[in-house]
C-alpha cells in the first residue's frame with residue numbers, strides 16, 4: 001500500500017510541476033513549432049486534416065489546416081454557380097504558413113479577381129494546395145490525385161527555380177524517407193526505383209500517430225521536448241560536419257551552394273534534374289488537359305534575384321561569372337512555353353519592384369534581411385501581379401463578360 005501511495009504522490013507532484021511549467025511557458029509567450037503533418041501513401045507526407053498550431057521558425061503565425069488537409073479555409077467540393085476556381089500547387093512559398101491566411105498571395109489574388117469578376121456576377125475561389133518541402137514529383141501527384149474533386153478551371157504550379165532545378169534525392173534531400181522522386185525513362189517521367197518500393201502506412205498506426213500529434217500540439221512542454229528530440233541530433237550532426245576537419249571532408253561531392261545550383265542553368269550536375277523537370281511539367285500539363293483545365297507555371301523570385309540592392313545582385317553575378325541571375329528563370333519559362341504551357345514569369349518584376357521601392361519581399365523579425373520565405377508584403381505583391389497577368393492573358397478570364405468590361409446584358413459565358 002505504501003508503494004502505491006508513494007507512486008500516487010509522485011505522479012501528483014509530477015503533474016503539478018508539469019502544469020506549473022506549462023502555465024509559465026504560456027504566460028511568458030513562449031511558442032514552439034507545431035506538428036502539422038501526417039503520412040501520405042502517395043506523396044510521403046501531407047498536411048494533417050484539422051491540425052493547428054504555431055509556426056515560429058520564420059515570423060510567428062498561428063496555422064490552421066482545414067478538414068481536407070489544405071492550408072486554406074473550408075471549401076465545398078461542389079463548385080458554386082458562376083464561380084471560377086483556381087488550384088495553386090507548390091511548396092512552402094505557396095503554403096506560406098509564415099503569414100496569416102488572409103495575407104497569402106492566394107487570398108490577395110482571390111480578392112483582386114473578385115473585384116474584376118463581380119460586375120459580371122461571377123466570383124473567384126483560389127484554393128491553396130501548397131505543402132512545405134514538396135518537390136516537383138509531389139506537386140505532380142497533388143495535381144493528379146487531389147485537385148480534381150474541386151473542379152478547378154485553372155491549375156497554377158508556382159515555384160522558385162531552386163525547387164524546379166533540384167529533382168533528385170542528392171540535390172533535394174527529402175523531408176521524410178518515403179518522399180517520392182521521379183526519373184526519366186524513354187522520355188517519360190516515372191517513379192524511381194526506391195519510390196516504387198514504398199508501402200502505404202497502416203491505417204491504425206496512422207490514426208494513433210495523428211492523435212498523438214494533436215495531443216502534443218496542445219502543450220508547449222511537449223512541443224519543446226519534440227523540438228529537442230528532432231532538432232538536437234540534426235544540429236549536432238551539422239556542427240560536427242562544419243567544424244571537424246576529417247568529417248567535413250566526407251561531405252557529399254555533389255554538394256553545391258544554392259547560387260550554384262539555381263542560377264547557373266548550364267551546370268552539368270543539374271542536367272538530370274532539368275530532364276526530370278521538363279518531363280514532369282509535361283505530365284502536369286497533360287493531366288490538366290484531360291480535365292479541361294488551363295495549366296500555368298508561375299516562376300517566383302528568390303532572395304538573391306529580388307535583393308532590393310541592384311549592386312548586390314551584380315556582385316553575385318560577377319562572382320559566379322554569369323551575365324544575369326535570371327538565366328534559370330528564363331530557361332524554365334522557355335521550357336514551359338515550348339510545351340504550350342502558360343507562363344507567369346514574375347521574378348524580373350519582383351526584382352524591379354523590390355529595387356524601385358527599396359523593400360525586402362522576404363524575411364521576418366527573427367530572420368536576416370531579405371532571407372527565407374516571402375513576407376506579407378511579398379505575398380501581397382505576388383497576388384496583385386498574378387491577378388494582372390491572369391486577367392490579361394488567361395483564355396478563361398479574357399472573356400469580356402467575365403472581366404466586367406462592356407459586358408452586354410444578353411451575353412452569356414461558357415464557364416461552368
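Can you tell me which of 218, 271, 207, 199 is at pLDDT 70 or above and in contact with a strand residue (DSSP E or B) (Cβ under 9 Å, 6 or more places away or on another chain)?
218
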* Asked: Only one of 62, 45, 140 is within 17 Å of the chain's Cα centre (by Cα), crowded, with 18+ Cβ neighbours inside 10 Å and assigned to a strand (DSSP E or B); which?
  -> 45
* Quick one: residue 250 ticks every box in (1) modelled with pLDDT of 85 or more; (2) loosely packed, with under 10 Cβ neighbours inside 10 Å except a single one, so which number is it? => (1)
* For segment 70-102, how many residues meet the condition of being within 14 Å of the chain's Cα centre (by Cα), assigned to a loop (DSSP other than H, G, I, E, B) and either at positive phi or free of Cβ contacts under 8 Å to residues at least 40 places away in the same chain (or both)? -> 2
* Structure fact -> For segment 93-122, the count of residues that are surrounded by fewer than 22 Cβ atoms within 10 Å (Cβ to Cβ), in contact with a helix residue (DSSP H, G or I) (Cβ under 6 Å, 6 or more places away or on another chain) and farther than 16 Å from residue 388 by Cα equals 2
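Taking the residues in segment 175-191 that are assigned to a loop (DSSP other than H, G, I, E, B) and surrounded by fewer than 16 Cβ atoms within 10 Å (Cβ to Cβ) as candidates, determine which candidate is nearest to the chain's Cα centre (by Cα). Quick ask: steps written out before the conclusion?
In the first step, residues of segment 175-191 are kept if they are assigned to a loop (DSSP other than H, G, I, E, B); the result is 175-181, 186-187.
Still in the list and also surrounded by fewer than 16 Cβ atoms within 10 Å (Cβ to Cβ): 176-177, 186-187.
Working: 176: 16, 177: 19, 186: 30, 187: 27 Å.
The selected residue is 176.
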* Count of segment 196-220 residues which are part of a helix (DSSP H, G or I) and touching a residue at least 24 places away in the same chain (Cβ under 8 Å) -> 8
* Positions within segment 305-349 being in contact with a helix residue (DSSP H, G or I) (Cβ under 9 Å, 6 or more places away or on another chain), surrounded by fewer than 21 Cβ atoms within 10 Å (Cβ to Cβ) and either on the phi > 0 side of the Ramachandran plot or assigned to a loop (DSSP other than H, G, I, E, B) (or both), in sequence order -> 308, 309, 322, 323, 324, 339, 340, 341
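Within segment 145-163, which residues are crowded, with 16+ Cβ neighbours inside 10 Å and either farther than 29 Å from residue 350 by Cα or out of contact with any strand residue (DSSP E or B) (no Cβ under 8 Å at 6 or more places or on another chain) (or both)? Please lay out each step first, then the result.
Step one: list which residues in segment 145-163 are crowded, with 16+ Cβ neighbours inside 10 Å, which gives 146-148, 150-163.
Passing the criteria: 146, 148, 150, 151, 162, 163.
The values are calculated or read from the model by the stated rules, or taken from the named source; none is laboratory data. Everything quoted here is computed from the prediction, not taken from an experiment. Because the Cβ atoms are built from the backbone with ideal geometry, glycine has one as well, and the counts that use them run over all protein chains shown.
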